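A short write-up of the structure that comes next.
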Amino acid sequence: MADDEDIAEDDLSATGTSGRLVIGGRYVVETEHAAPELAHCKTCVVRDQISHSAELVALAPDAFHAARENAAAFARVRAPNTLTIHAVDDSSGSVWIVCDAPPGPSLMETGGWTEKSVLERVIEPVAAALHAYKEAGLTHRAIRPDNMFDPGGRLPVRLGPAVAGPSAFWQPDRFEPLSSVLCFPAGRGRGTIADDVFALGAVAAWLLSGCPSYAADVVGANLEERFAKGSFAALAGHLSLSVEAKAMLAAMLADDPAARPAPRDLLNAAAHKGYVARKTPVATIPIQVGPMKVRTTRDLAWRATLHPKEFTDLFMRGTVERWLLHEMGMTQTAGRLASIAKDITLAEDGVLGNSVLMEIVALLEPSLPMFWGKMWFWPDALGQLVVSSMESAGAFPFDVPTTIVTILRSGKLARFGQISSVPIQDTACQQMQAAARKAQVDDATSVVRLAYVFNHFQSCLSSRCIEQRLSSAGALLHWLNATRSAIPQGSNALLDAHMTAFLVASVHRSGVIEYFDDLMPDRSSWTSDLLLLARLQKQLATGPLPGVGRQLLPHLTAALKRWRSRKTRTARGELSRLLRVRETFRK
């Protein structure tokens, strides 16, 4: 039997000595030797015990910006012109990502770019990386100047890591397509390779503009211009470009993702002459929504969310339907909207309800994200939205957990997936709805389960251990065993709600249970914690956990004393089970 004092702190976080972590028996992470921050992550120096000349770093994503759920897949892809991911590892109990160190300064510190250098050193090499990711079914979603590095000379730039945080979370507006900019950063989702192509085109336009600082950019400031003129005109219209470069950037910055070139079309961009920018259909006679005259369906979809009362009036009078039919020639869409108008009942405030407006917006512009209430989002990002609302609830003009529960109860995720023109969304919506059902997300307090269900690298979000970045159930158990964490006064359990959800999600992922409620207690208590922890102790083969037992035992004494006779104790199988479980912690 081991005492708390016998359990070394290193057992929780490292294989090796204090301040040093060995990953895969090869990469030695000097956890107390910081390197310059990379990809908005704490970064440490790494020594490769096999290749001594390799220059590597290790990234430590924090709990609110966890590594992407498919991070390990990136380590299996050797995409050219990237900072290669060598390992994604959480065997220490926390996620570490080992990758190449940057070979030079970020593009933020460069200048003097020409069309030729941008084509040969930026667009072509990054397109080669994106082609490799596309073939592997991956998206990068972190293409921006501070995550691209210049080795100098005529060498191609190197693309920084994609996996060290939520997809597109740190992307400035100017490097994202409209379908992403509309969303809060946490709601942008995994996206598509077409989104990466847009970002690459936006970086090229920025380089050719002289690398202006965008630190003072105001979020959403150029949406009006982009919707009215198109993203190419707003981001690159001021540039003096050759005919070929203009056609290429116009295609890459197209607001219709289907009109953007594939990465393979950019592999020989310097010699390619066939780029064609598909023009967005524009109405001769605009439709007026509130104070604005609108000439495209994309702009109309956006304005409908900004001016719901005015749009409702237009919609109910059939003005929208007639405009689509006569000005845009969209017979099918006009017919579907007419069908919706026949069967709806307006909300008390005289505007279209959330579910109806969602469907209308999706029909008007199927490439845009889902809109509900005041929130634009991609369904696969619901888990990250929950996490971000925990970090800073004040950043959202609405209650995120409550909104998500309403969306899930409406059953409208599937409908959005059917309408969306983005291929992955139908599957993503089905997966999200199924996961919410199995996780039994039925109120605002249970929404956090989505974060753990969809990302097994998501650290436990309990305030008691969030700084530890504990990403596995075993790590949390050992931390509880070795640490007498501050349990809030008056608590009726060892585990708080976040710890319980984190642990149950771990069991759920392993397939041992199908639904959360198969293991989730109706009400947290010292006894229910004992039973849950004992089950995990056995499943994970953690060995004795005497520290956990010592924290629980004083609170179980009263429960044991409630059974005064042997007859009563024998009759209550629960007590017998409790006694056996207690002994497993004490041994």
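The values are calculated or read from the model by the stated rules, or taken from the named source; none is laboratory data. Please read all numbers here as calculations on a predicted model, not as lab measurements. Neighbour counts are summed over all protein chains in view; Cβ atoms, including those assigned to glycine, are modelled from backbone coordinates with ideal geometry. What goes into the accessible areas is simple: the full protein's heavy atoms, side chains included, and nothing from ligands, DNA or RNA. Shrake-Rupley method; radii C 1.70, N 1.55, O 1.52, S 1.80 Å.
Can you compute log10 of I(q)/I(0) for the range 190-273 with the Debye formula, treating each Cα as one identical point scatterer, at q = 0.15, 0.26 Å⁻¹? Values, matching the q order: -0.56, -1.48. Take every DSSP beta bridge whose two residues both sit in the chain; close to 95 percent of them are antiparallel.
Grab the other residues whose beta carbon is less than 15 angstrom from that of VAL218, score K and R as +1, D and E as -1, and report the net. Taking every Cβ under 15 Å from that of VAL218, the sum is -3. Working from Cα positions, state the angle (0 to 90°, nearest 10) between the long axis of helix 400-410 and the longest principal axis of the chain. It works out to around 80 degrees. For the chain, the Cβ-based charge dipole about the Cα centre amounts to some 1680 debye (Lys, Arg positive; Asp, Glu negative; other atoms uncharged).
Between PHE232, ALA541, ALA168, the Cα set farthest toward the positive side of the dipole of the chain (charges on each charged residue's Cβ, about the Cα centre) is that of ALA541. Note on the range 10-114: with charges restricted to the Cβ of Lys and Arg (+1) and Asp and Glu (-1), its dipole about the Cα centre is near 320 debye. Distance between the C-alpha centres of the range 71-143 and the range 393-433: 30 Å, rounded to the whole angstrom. Would you work out what percent of the accessible area of the range 269-325, with all protein chains in place, is carbon or sulfur (probe 1.4 Å)? With neighbouring chains kept in place, the figure for the range 269-325 is 57 percent. Counted by Cβ distance under 12 Å from GLN433, the other residues give a net charge of +3, where Lys and Arg count +1 and Asp and Glu count -1. Taking all Cα pairs closer than 8 Å and separated by 6 or more residues, the relative contact order of the chain comes to 12 percent. Packing order of peptides 132-142, 378-388, highest average first: 378-388, 132-142 (average count of other Cβ atoms within 10 Å over each peptide's residues).
The magnitude of the dipole of the range 361-483, with charges of +1 and -1 set on the Cβ of Lys/Arg and Asp/Glu and taken from the Cα centre, is near 220 debye. For GLY165, the residues whose modelled amide H falls within less than 5 Å of its own, excluding neighbours fewer than 5 places apart on the same chain, are ARG68.
Straight-line reach from LYS246: taking Cα to Cα under 26 Å and skipping same-chain neighbours fewer than 8 places apart, the lysines in range are LYS116, LYS134, LYS229, LYS273, LYS279.
Along its three principal directions, the equivalent ellipsoid of the range 445-523 from the Cα gyration tensor extends over semi-axes of 20, 15, 11 Å, largest first.
Once the C-beta distance of ASP442 and GLU348 is scaled by a Förster radius of 30 Å, the resulting FRET efficiency is 0.75 to the nearest 0.05.
Please report Rg over Rh for the chain, where both radii come from the alpha carbon positions and Rh follows the Kirkwood definition.
Result for the chain is an Rg/Rh of 1.03.
Loop-located trypsin sites (Lys or Arg not before Pro) in the range 201-309 (DSSP state not H, G, I, E or B) with no more than 14 neighbouring Cβ atoms inside 10 Å: LYS273, ARG278, LYS279.
Which Cα, out of THR527, ALA129, PHE502, lies furthest along the positive dipole direction of the chain (beta carbon charges, K/R +1, D/E -1)? Farthest along the dipole direction, towards plus: THR527.
If you take all other residues with their beta carbon under 10 Å from the beta carbon of GLY160, and give Lys and Arg +1 and Asp and Glu -1, the sum is 0.
Per residue, the chain exposes 44 Å² of accessible surface when a 1.4 Å probe is rolled over the protein heavy atoms with every protein chain present. Across the range 390-520, the fraction of Cα-Cα pairs farther apart than 23 Å, rounded to a whole number, is 41%. Rounded to two decimals, the Cα radius of gyration of the range 86-160 over 2.2 N^0.38 Å is 1.27.
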